[in-house]
1. Rounded to a whole number of µm²/s, how large is the Stokes-Einstein D of the range 71-140 at 20 °C and 1.002 mPa s, given Rh as the Kirkwood radius over C-alpha pairs?
2. Contour minus end-to-end for R73 and V30, with contour as 0.36 nm per residue of separation and end-to-end as the Cα-Cα distance?
3. Relative to the present Cα-Cα distance, how much length would full extension add between K328 and S316 at 0.36 nm per residue of separation?
4. Report the calculated FRET efficiency for A285 and L162 (r = Cβ-Cβ distance, R0 = 30 Å), to the nearest 0.05.
5. Work out how far the C-alpha atoms of the chain reach from end to end along every principal axis, then list the three figures in whole Å, largest first.
6. What number comes out for the charge environment of Y274, summing +1 per Lys or Arg and -1 per Asp or Glu over other residues with Cβ under 10 Å away?
7. Take the Cα radius of gyration of the range 288-328 and divide it by 2.2 N^0.38 Å, with N its residue count; two decimals is plenty.
8. Give me D for the range 171-231 in µm² s⁻¹, whole number, from Stokes-Einstein with Rh from the Kirkwood sum over alpha-carbon pairs, 20 °C and 1.002 mPa s.
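The values are calculated or read from the model by the stated rules, or taken from the named source; none is laboratory data. What you see is a predicted model, and the numbers here were worked out from it, not measured in a lab. Cβ sites come from the backbone with ideal geometry, for glycine too, and all protein chains shown count toward neighbours. Protein only, heavy atoms only, side chains kept; ligands, DNA and RNA dropped before computing areas. Shrake-Rupley method; radii C 1.70, N 1.55, O 1.52, S 1.80 Å.
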Amino acid sequence: MVVLASTPAVDHIPLLRSPDPGDYFAGMPVVDLSSPGAPKAIADACERFGFFKLVNHGVPVDTMERLESEAVRFFSQSQAEKDRSGPAYPFGYGSKRIGLNGDMGWLEYLLLAVNSASLSGACPVPACAVFRAALNEYIAAVRKVAVRVMEAMAEGLGIAPLDALSAMVTAEGSDQVFRVNHYPPCHALQGLGCSATGFGEHTDPQLVSLLRSNGTSGLQIALQDGQWVSVPSDRDALFVNVGDSLQVLTNGRFKSVKHRVVANSLKSRVSLIYFGGPPLAQRIAPLPQLLGRGEGEQSAYKDFTWSEYKKAAYKSRLGDNRLAQFLK
Ligand SMILES: C=C1C[C@]23C[C@@]1(O)CC[C@H]2[C@@]12CC[C@H](O)[C@@](C)(C(=O)O1)[C@H]2[C@@H]3C(=O)O
Ligand SMILES: O=C(O)CCC(=O)C(=O)O
Ligand SMILES: [Fe+2]
(Lines give C-alpha, C1' and ligand atoms only; values in the text may rest on other atoms or scores of the structure.)
(Ligands and ions follow the chains in the order given, each with its own letter.)
Protein backbone atom coordinates (compact mmCIF):
# COMPACT_ATOMS: atom_id res chain seq x y z
CA MET A 1 0.00 0.00 0.00
CA VAL A 2 2.73 2.44 1.03
CA VAL A 3 4.60 1.52 -2.11
CA LEU A 4 1.62 2.25 -4.31
CA ALA A 5 0.86 5.57 -2.59
CA SER A 6 4.41 6.83 -3.08
CA THR A 7 4.93 5.68 -6.67
CA PRO A 8 2.45 7.47 -8.94
CA ALA A 9 4.41 6.24 -11.98
CA VAL A 10 2.95 2.77 -11.49
CA ASP A 11 -0.57 3.85 -10.51
CA HIS A 12 -3.15 1.34 -11.81
CA ILE A 13 -0.48 -1.21 -12.66
CA PRO A 14 -0.65 -4.37 -10.56
CA LEU A 15 2.51 -5.27 -8.66
CA LEU A 16 4.17 -8.67 -8.44
CA ARG A 17 6.80 -10.09 -6.11
CA SER A 18 10.19 -9.55 -7.76
CA PRO A 19 11.57 -12.80 -9.16
CA ASP A 20 14.56 -14.23 -7.33
CA PRO A 21 17.28 -16.49 -8.71
CA GLY A 22 15.63 -19.58 -7.21
CA ASP A 23 12.57 -19.05 -9.42
CA TYR A 24 14.41 -20.02 -12.61
CA PHE A 25 12.84 -22.81 -14.65
CA ALA A 26 15.45 -25.52 -14.24
CA GLY A 27 13.53 -28.12 -16.29
CA MET A 28 12.86 -26.04 -19.37
CA PRO A 29 12.72 -28.21 -22.51
CA VAL A 30 15.20 -27.09 -25.14
CA VAL A 31 14.46 -28.42 -28.62
CA ASP A 32 16.97 -28.44 -31.48
CA LEU A 33 14.80 -28.02 -34.56
CA SER A 34 17.53 -29.47 -36.78
CA SER A 35 17.67 -32.73 -34.85
CA PRO A 36 15.76 -35.90 -35.84
CA GLY A 37 14.42 -36.11 -32.29
CA ALA A 38 12.64 -32.72 -32.57
CA PRO A 39 9.06 -33.98 -33.26
CA LYS A 40 9.01 -36.22 -30.21
CA ALA A 41 10.68 -33.60 -27.99
CA ILE A 42 8.21 -30.93 -29.14
CA ALA A 43 5.14 -33.10 -28.52
CA ASP A 44 6.49 -34.06 -25.12
CA ALA A 45 7.14 -30.41 -24.12
CA CYS A 46 3.70 -29.34 -25.35
CA GLU A 47 2.05 -32.04 -23.25
CA ARG A 48 4.03 -31.25 -20.11
CA PHE A 49 4.36 -27.47 -20.24
CA GLY A 50 2.79 -26.03 -23.40
CA PHE A 51 6.10 -24.24 -23.77
CA PHE A 52 9.66 -24.84 -24.96
CA LYS A 53 12.81 -23.13 -26.08
CA LEU A 54 13.77 -23.67 -29.71
CA VAL A 55 17.36 -23.54 -30.94
CA ASN A 56 18.82 -24.02 -34.43
CA HIS A 57 15.54 -22.61 -35.72
CA GLY A 58 17.00 -21.03 -38.82
CA VAL A 59 16.01 -17.39 -38.32
CA PRO A 60 19.26 -15.54 -39.09
CA VAL A 61 20.74 -13.62 -36.16
CA ASP A 62 21.01 -10.53 -38.41
CA THR A 63 17.29 -10.65 -39.14
CA MET A 64 16.47 -10.74 -35.42
CA GLU A 65 18.95 -8.02 -34.53
CA ARG A 66 17.95 -5.70 -37.36
CA LEU A 67 14.34 -5.81 -36.21
CA GLU A 68 15.34 -5.34 -32.57
CA SER A 69 17.32 -2.21 -33.38
CA GLU A 70 14.53 -0.77 -35.52
CA ALA A 71 12.12 -1.43 -32.65
CA VAL A 72 14.44 0.27 -30.17
CA ARG A 73 14.70 3.24 -32.53
CA PHE A 74 10.91 3.43 -32.83
CA PHE A 75 10.32 3.32 -29.06
CA SER A 76 13.02 5.93 -28.39
CA GLN A 77 11.00 8.59 -30.23
CA SER A 78 9.09 11.22 -28.26
CA GLN A 79 5.72 10.21 -26.82
CA ALA A 80 3.98 12.61 -29.19
CA GLU A 81 5.69 11.01 -32.20
CA LYS A 82 4.77 7.48 -31.06
CA ASP A 83 1.18 8.49 -30.36
CA ARG A 84 0.91 9.43 -34.04
CA SER A 85 1.12 5.65 -34.72
CA GLY A 86 -1.80 4.96 -32.36
CA PRO A 87 -4.31 3.90 -31.31
CA ALA A 88 -3.44 0.22 -30.75
CA TYR A 89 -6.86 -1.06 -31.80
CA PRO A 90 -7.41 -2.54 -34.21
CA PHE A 91 -3.70 -2.12 -35.06
CA GLY A 92 -1.04 0.41 -34.10
CA TYR A 93 0.88 1.83 -31.13
CA GLY A 94 -0.37 1.43 -27.58
CA SER A 95 0.94 2.23 -24.14
CA LYS A 96 0.05 0.69 -20.77
CA ARG A 97 -3.51 -0.29 -21.75
CA ILE A 98 -3.78 -3.88 -22.94
CA GLY A 99 -6.96 -4.89 -24.72
CA LEU A 100 -10.20 -2.98 -24.33
CA ASN A 101 -11.34 -4.19 -20.93
CA GLY A 102 -9.21 -2.36 -18.39
CA ASP A 103 -5.96 -4.37 -18.25
CA MET A 104 -2.82 -2.33 -17.64
CA GLY A 105 0.87 -3.17 -17.85
CA TRP A 106 4.23 -1.46 -17.68
CA LEU A 107 4.85 -1.54 -21.41
CA GLU A 108 4.35 0.07 -24.76
CA TYR A 109 3.83 -1.90 -27.93
CA LEU A 110 2.96 -2.14 -31.59
CA LEU A 111 0.16 -4.50 -32.59
CA LEU A 112 0.41 -5.31 -36.31
CA ALA A 113 -1.65 -7.23 -38.86
CA VAL A 114 0.08 -9.90 -40.91
CA ASN A 115 -1.17 -10.97 -44.31
CA SER A 116 0.34 -14.20 -45.62
CA ALA A 117 4.07 -13.81 -44.87
CA SER A 118 4.41 -10.04 -44.38
CA LEU A 119 2.80 -7.00 -42.80
CA SER A 120 -0.64 -6.36 -44.18
CA GLY A 121 -0.61 -3.51 -46.71
CA ALA A 122 -3.74 -2.28 -44.95
CA CYS A 123 -1.72 -1.79 -41.74
CA PRO A 124 -0.08 1.64 -42.24
CA VAL A 125 1.93 1.39 -39.00
CA PRO A 126 4.87 1.65 -38.76
CA ALA A 127 5.32 4.23 -41.47
CA CYS A 128 9.13 4.00 -41.61
CA ALA A 129 10.17 1.93 -44.67
CA VAL A 130 13.33 0.57 -43.00
CA PHE A 131 11.35 -0.64 -39.99
CA ARG A 132 8.71 -2.21 -42.28
CA ALA A 133 11.41 -4.00 -44.29
CA ALA A 134 12.96 -5.38 -41.09
CA LEU A 135 9.51 -6.53 -39.92
CA ASN A 136 8.77 -8.21 -43.24
CA GLU A 137 12.08 -10.03 -43.31
CA TYR A 138 11.59 -11.28 -39.74
CA ILE A 139 7.92 -12.21 -40.18
CA ALA A 140 8.66 -14.26 -43.32
CA ALA A 141 11.41 -16.15 -41.47
CA VAL A 142 9.56 -16.74 -38.20
CA ARG A 143 6.42 -17.88 -40.01
CA LYS A 144 8.47 -20.56 -41.78
CA VAL A 145 9.65 -21.71 -38.36
CA ALA A 146 6.05 -21.80 -37.11
CA VAL A 147 5.14 -24.05 -40.04
CA ARG A 148 8.08 -26.40 -39.34
CA VAL A 149 7.19 -26.49 -35.65
CA MET A 150 3.55 -27.32 -36.40
CA GLU A 151 4.61 -30.05 -38.82
CA ALA A 152 6.85 -31.46 -36.11
CA MET A 153 3.90 -31.33 -33.71
CA ALA A 154 1.79 -33.41 -36.12
CA GLU A 155 4.65 -35.88 -36.52
CA GLY A 156 5.19 -36.03 -32.77
CA LEU A 157 1.47 -36.67 -32.26
CA GLY A 158 1.68 -39.39 -34.91
CA ILE A 159 -1.02 -37.86 -37.12
CA ALA A 160 -1.25 -37.48 -40.89
CA PRO A 161 -1.11 -35.48 -43.04
CA LEU A 162 1.98 -33.65 -41.88
CA ASP A 163 0.28 -30.29 -42.50
CA ALA A 164 -2.85 -31.17 -40.44
CA LEU A 165 -2.01 -28.25 -38.10
CA SER A 166 0.31 -26.03 -40.14
CA ALA A 167 -2.20 -25.70 -42.99
CA MET A 168 -4.28 -23.54 -40.66
CA VAL A 169 -1.64 -20.80 -40.59
CA THR A 170 -0.66 -21.10 -44.26
CA ALA A 171 -4.29 -21.07 -45.47
CA GLU A 172 -5.56 -18.06 -47.39
CA GLY A 173 -7.03 -15.63 -44.84
CA SER A 174 -5.19 -17.07 -41.83
CA ASP A 175 -5.44 -14.66 -38.91
CA GLN A 176 -1.88 -13.85 -37.94
CA VAL A 177 -0.80 -11.03 -35.65
CA PHE A 178 2.61 -9.60 -34.88
CA ARG A 179 3.45 -7.75 -31.73
CA VAL A 180 6.50 -5.75 -30.66
CA ASN A 181 6.57 -5.15 -26.91
CA HIS A 182 8.84 -2.72 -25.08
CA TYR A 183 9.04 -2.85 -21.29
CA PRO A 184 11.00 0.19 -20.07
CA PRO A 185 12.93 -0.25 -16.81
CA CYS A 186 10.68 0.52 -13.86
CA HIS A 187 13.11 2.50 -11.68
CA ALA A 188 10.41 3.58 -9.22
CA LEU A 189 10.23 0.13 -7.61
CA GLN A 190 13.95 -0.62 -7.50
CA GLY A 191 14.98 -2.33 -4.26
CA LEU A 192 11.42 -2.58 -2.93
CA GLY A 193 11.04 -6.34 -3.45
CA CYS A 194 8.16 -5.88 -5.84
CA SER A 195 7.98 -5.26 -9.57
CA ALA A 196 5.48 -3.78 -11.95
CA THR A 197 3.46 -6.21 -14.02
CA GLY A 198 4.70 -5.86 -17.58
CA PHE A 199 2.07 -8.07 -19.18
CA GLY A 200 -0.39 -9.75 -16.83
CA GLU A 201 -0.99 -13.48 -16.70
CA HIS A 202 -2.88 -14.92 -19.65
CA THR A 203 -2.94 -17.63 -22.27
CA ASP A 204 -2.66 -16.78 -25.97
CA PRO A 205 -5.90 -17.49 -27.87
CA GLN A 206 -4.23 -18.56 -31.16
CA LEU A 207 -2.59 -21.86 -32.16
CA VAL A 208 1.04 -21.04 -31.48
CA SER A 209 3.09 -18.00 -30.50
CA LEU A 210 6.80 -17.67 -31.26
CA LEU A 211 8.67 -15.18 -29.12
CA ARG A 212 12.13 -13.69 -29.39
CA SER A 213 13.40 -11.23 -26.81
CA ASN A 214 16.55 -9.23 -26.17
CA GLY A 215 18.78 -10.33 -23.31
CA THR A 216 16.45 -9.04 -20.57
CA SER A 217 14.54 -11.62 -18.58
CA GLY A 218 11.00 -11.09 -17.31
CA LEU A 219 8.94 -13.80 -18.97
CA GLN A 220 7.43 -16.30 -16.53
CA ILE A 221 5.30 -19.36 -17.18
CA ALA A 222 2.98 -21.21 -14.82
CA LEU A 223 3.71 -24.90 -14.40
CA GLN A 224 0.77 -27.31 -14.22
CA ASP A 225 0.80 -27.15 -10.39
CA GLY A 226 0.39 -23.35 -10.61
CA GLN A 227 3.97 -22.48 -9.64
CA TRP A 228 5.41 -19.49 -11.54
CA VAL A 229 8.91 -19.96 -12.93
CA SER A 230 11.15 -17.45 -14.71
CA VAL A 231 12.37 -18.21 -18.19
CA PRO A 232 16.08 -17.42 -18.56
CA SER A 233 16.44 -15.07 -21.53
CA ASP A 234 18.30 -16.15 -24.64
CA ARG A 235 18.47 -13.66 -27.50
CA ASP A 236 19.45 -16.36 -30.01
CA ALA A 237 16.55 -18.69 -29.24
CA LEU A 238 12.83 -18.61 -29.96
CA PHE A 239 10.31 -19.54 -27.27
CA VAL A 240 7.20 -21.37 -28.38
CA ASN A 241 3.85 -21.16 -26.55
CA VAL A 242 0.91 -23.47 -27.14
CA GLY A 243 -2.23 -21.32 -27.49
CA ASP A 244 -5.84 -22.08 -26.54
CA SER A 245 -6.84 -23.15 -30.07
CA LEU A 246 -4.10 -25.76 -30.24
CA GLN A 247 -5.17 -27.09 -26.85
CA VAL A 248 -8.64 -27.64 -28.30
CA LEU A 249 -7.37 -29.17 -31.58
CA THR A 250 -5.46 -31.74 -29.54
CA ASN A 251 -8.42 -32.28 -27.19
CA GLY A 252 -6.36 -31.03 -24.25
CA ARG A 253 -3.26 -33.14 -24.94
CA PHE A 254 -1.20 -30.01 -25.55
CA LYS A 255 -1.58 -27.43 -22.81
CA SER A 256 -2.15 -23.76 -23.50
CA VAL A 257 0.47 -22.20 -21.24
CA LYS A 258 -0.31 -19.44 -18.76
CA HIS A 259 2.44 -16.80 -18.90
CA ARG A 260 3.20 -13.21 -17.85
CA VAL A 261 5.97 -10.63 -17.92
CA VAL A 262 7.49 -8.98 -14.86
CA ALA A 263 9.08 -5.60 -15.62
CA ASN A 264 12.75 -5.22 -14.77
CA SER A 265 13.75 -2.30 -12.55
CA LEU A 266 17.03 -1.67 -14.38
CA LYS A 267 16.91 -2.92 -17.95
CA SER A 268 14.45 -2.61 -20.78
CA ARG A 269 13.00 -5.68 -22.46
CA VAL A 270 12.06 -5.84 -26.11
CA SER A 271 10.13 -8.83 -27.41
CA LEU A 272 8.98 -9.78 -30.88
CA ILE A 273 6.03 -12.16 -31.02
CA TYR A 274 4.38 -13.90 -33.94
CA PHE A 275 0.88 -15.25 -33.21
CA GLY A 276 -0.30 -17.89 -35.68
CA GLY A 277 -4.06 -18.09 -35.91
CA PRO A 278 -6.34 -19.85 -38.41
CA PRO A 279 -8.77 -18.24 -40.87
CA LEU A 280 -11.83 -16.72 -39.15
CA ALA A 281 -14.18 -19.43 -40.45
CA GLN A 282 -11.94 -22.31 -39.28
CA ARG A 283 -13.76 -24.74 -37.00
CA ILE A 284 -11.78 -25.26 -33.81
CA ALA A 285 -12.44 -28.81 -32.70
CA PRO A 286 -10.29 -31.81 -31.77
CA LEU A 287 -8.67 -33.40 -34.83
CA PRO A 288 -10.56 -36.56 -35.83
CA GLN A 289 -7.18 -38.34 -36.15
CA LEU A 290 -6.77 -37.91 -32.39
CA LEU A 291 -10.34 -38.70 -31.36
CA GLY A 292 -10.40 -41.89 -33.42
CA ARG A 293 -7.77 -43.46 -31.20
CA GLY A 294 -8.75 -43.65 -27.57
CA GLU A 295 -11.60 -45.93 -26.51
CA GLY A 296 -14.58 -43.75 -27.45
CA GLU A 297 -12.67 -40.53 -26.76
CA GLN A 298 -15.09 -37.60 -27.03
CA SER A 299 -14.36 -33.94 -27.63
CA ALA A 300 -14.03 -32.08 -24.35
CA TYR A 301 -15.16 -28.86 -26.06
CA LYS A 302 -18.27 -27.36 -27.61
CA ASP A 303 -18.01 -26.65 -31.32
CA PHE A 304 -16.89 -23.16 -32.28
CA THR A 305 -15.08 -21.23 -34.99
CA TRP A 306 -11.98 -19.11 -34.56
CA SER A 307 -14.12 -16.05 -35.24
CA GLU A 308 -16.42 -16.95 -32.33
CA TYR A 309 -13.50 -17.67 -30.01
CA LYS A 310 -11.66 -14.50 -30.97
CA LYS A 311 -14.76 -12.39 -30.37
CA ALA A 312 -15.19 -13.94 -26.91
CA ALA A 313 -11.48 -13.50 -26.15
CA TYR A 314 -11.53 -9.81 -27.02
CA LYS A 315 -14.48 -9.31 -24.65
CA SER A 316 -12.58 -10.96 -21.79
CA ARG A 317 -10.01 -9.66 -19.32
CA LEU A 318 -6.42 -10.80 -19.80
CA GLY A 319 -6.38 -13.24 -16.88
CA ASP A 320 -9.78 -14.85 -17.58
CA ASN A 321 -10.00 -18.55 -18.32
CA ARG A 322 -11.34 -18.02 -21.83
CA LEU A 323 -11.72 -21.68 -22.68
CA ALA A 324 -13.94 -22.41 -19.68
CA GLN A 325 -17.14 -21.29 -21.45
CA PHE A 326 -16.35 -23.62 -24.37
CA LEU A 327 -15.88 -26.74 -22.25
CA LYS A 328 -18.64 -29.33 -22.59
C1 LIG B 1 -7.15 -8.29 -22.68
C2 LIG B 1 -6.93 -8.72 -23.90
C3 LIG B 1 -5.71 -8.40 -24.69
C4 LIG B 1 -5.74 -9.44 -25.78
C5 LIG B 1 -7.20 -9.43 -26.08
C6 LIG B 1 -7.79 -9.62 -24.69
O7 LIG B 1 -9.14 -9.24 -24.60
C8 LIG B 1 -7.59 -11.08 -24.27
C9 LIG B 1 -6.43 -11.75 -25.05
C10 LIG B 1 -5.23 -10.81 -25.22
C11 LIG B 1 -4.22 -11.32 -26.24
C12 LIG B 1 -3.07 -12.16 -25.63
C13 LIG B 1 -2.17 -12.62 -26.76
C14 LIG B 1 -1.81 -11.50 -27.74
O15 LIG B 1 -0.89 -10.61 -27.12
C16 LIG B 1 -3.07 -10.71 -28.14
C17 LIG B 1 -2.75 -9.72 -29.27
C18 LIG B 1 -4.16 -11.65 -28.49
O19 LIG B 1 -4.50 -12.05 -29.58
O20 LIG B 1 -4.85 -12.00 -27.34
C21 LIG B 1 -3.65 -10.08 -26.88
C22 LIG B 1 -4.88 -9.20 -27.03
C23 LIG B 1 -4.50 -7.72 -27.16
O24 LIG B 1 -3.46 -7.28 -26.67
O25 LIG B 1 -5.32 -7.02 -27.74
O1 LIG C 1 6.44 -9.58 -24.26
C2 LIG C 1 6.59 -10.73 -23.86
O3 LIG C 1 7.68 -11.19 -23.56
C4 LIG C 1 5.37 -11.64 -23.78
C5 LIG C 1 4.09 -10.90 -24.11
C6 LIG C 1 2.93 -11.77 -24.35
O7 LIG C 1 2.78 -12.80 -23.73
C8 LIG C 1 1.95 -11.37 -25.35
O9 LIG C 1 2.13 -10.31 -25.99
O10 LIG C 1 0.96 -12.11 -25.54
FE1 LIG D 1 1.13 -13.96 -24.49
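1. Numbers: Rh = 12.7 Å.
D = 169 µm²/s.
2. Using 0.36 nm per residue and subtracting the Cα-Cα distance, I get 12.4 nm.
3. 2.4 nm
4. 0.90
5. 60, 43, 38
6. Details: positive: R143, R179, R212; negative: none.
Taking every Cβ under 10 Å from that of Y274, the sum is +3.
7. Normalised by 2.2 N^0.38 Å, the Cα Rg of the range 288-328 equals 1.43.
8. Details: Rh = 14.6 Å.
My calculation gives 147 µm²/s for D.
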